[in-house]
């Protein structure tokens, strides 16, 4: 099974993202992310044997304590660049606390043999993927009209382990376990 760790988005943020996606979708025929799939990935684990799921969950439960922190969603951008984009994203700003959660998760999972990321942690929400050449002029114009897309700020006090299964149009994500920061602190 393919799995990853991620931070869930609160309903208020999802409503704002739904409005943003409703405004942008008509502007380009690209592969838009379903609202239900939007999350902040902290570590992509990849293929993992179901027989070792308890081992992985126990390892994540033993992460060093983490203080709750705040995340802000703002600005739209392109990966790898605006000239030949493959991804449209919303920026995720969680400061050192979010980066530290990603580092701790990566270090802990490294003990189980999960490969380390080759790229630096770059938190974002993937709004759409561009699989083949398509006109993006109307989408670019719409994004420029929006100036800075500020979608709000929210507190983070947990992360989750997700399973990704292939669906007919996009992957289907199923939450396997929640990991609460306060619970981790109380356990230590």
Taking the stated definitions as given, is residue 85 modelled with pLDDT under 95 and crowded, with 19+ Cβ neighbours inside 10 Å?
-> yes
Report, by residue number, each residue of the range 81-95 that is without any contact (Cβ under 8 Å) to a residue 60 or more places away in the chain, touching a strand residue (DSSP E or B) at 6+ places or on another chain (Cβ under 8 Å) and in a loop (DSSP other than H, G, I, E, B).
-> 85, 86
Restrict the check to the range 97-112 and report whether at least one residue is free of Cβ contacts under 8 Å to residues at least 60 places away in the same chain and under 29 Å from residue 30 (Cα atoms).
-> no
Considering the range 149-161 alone, what residues qualify as being closer than 21 Å to residue 87 by Cβ and either touching a helix residue (DSSP H, G or I) at 6+ places or on another chain (Cβ under 7 Å) or modelled with pLDDT of 95 or more (or both)?
-> 149, 151
Filter the range 4-21 down to residues that are assigned to a helix (DSSP H, G or I) and either in contact with a helix residue (DSSP H, G or I) (Cβ under 8 Å, 6 or more places away or on another chain) or closer than 25 Å to residue 158 by Cβ (or both), then give me how many there are.
-> 10
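Every residue, every condition in (1) part of a loop (DSSP other than H, G, I, E, B); (2) modelled with pLDDT of 95 or more; (3) more than 20 Å from the chain's Cα centre (by Cα), yes or no:
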residue	(1), (2), (3)
118	yes, no, no
122	yes, no, no
134	yes, no, yes
141	no, no, yes
147	yes, no, yes
Can you pull out the residues in the range 27-37 that are out of contact with any strand residue (DSSP E or B) (no Cβ under 7 Å at 6 or more places or on another chain) and surrounded by 17 or more Cβ atoms within 10 Å (Cβ to Cβ)?
-> 28
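Select, from 24, 63, 98, 73, the only residue that is part of a loop (DSSP other than H, G, I, E, B), more than 17 Å from residue 163 (Cα to Cα) and touching a strand residue (DSSP E or B) at 6+ places or on another chain (Cβ under 9 Å).
63
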Residue under evaluation residue 164, criteria (1) within 16 Å of residue 45 (Cα to Cα); (2) at pLDDT below 95; (3) more than 16 Å from the chain's Cα centre (by Cα), criterion not met | (3)
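Answer yes or no as to whether residue 176 is surrounded by 12 or more Cβ atoms within 10 Å (Cβ to Cβ), within 18 Å of residue 37 (Cβ to Cβ), within 15 Å of the chain's Cα centre (by Cα) and modelled with pLDDT of 90 or more.
It is false that residue 176 is surrounded by 12 or more Cβ atoms within 10 Å (Cβ to Cβ), within 18 Å of residue 37 (Cβ to Cβ), within 15 Å of the chain's Cα centre (by Cα) and modelled with pLDDT of 90 or more.
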Identify the residue in the range 38-70 that is within 13 Å of residue 156 (Cβ to Cβ) and surrounded by 15 or more Cβ atoms within 10 Å (Cβ to Cβ) and, among all such residues, is farthest from the chain's Cα centre (by Cα).
-> 66
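The values are calculated or read from the model by the stated rules, or taken from the named source; none is laboratory data. What you see is a predicted model, and the numbers here were worked out from it, not measured in a lab. Glycine also receives a Cβ, built like all others from the backbone with ideal geometry; neighbour counts cover every protein chain displayed.
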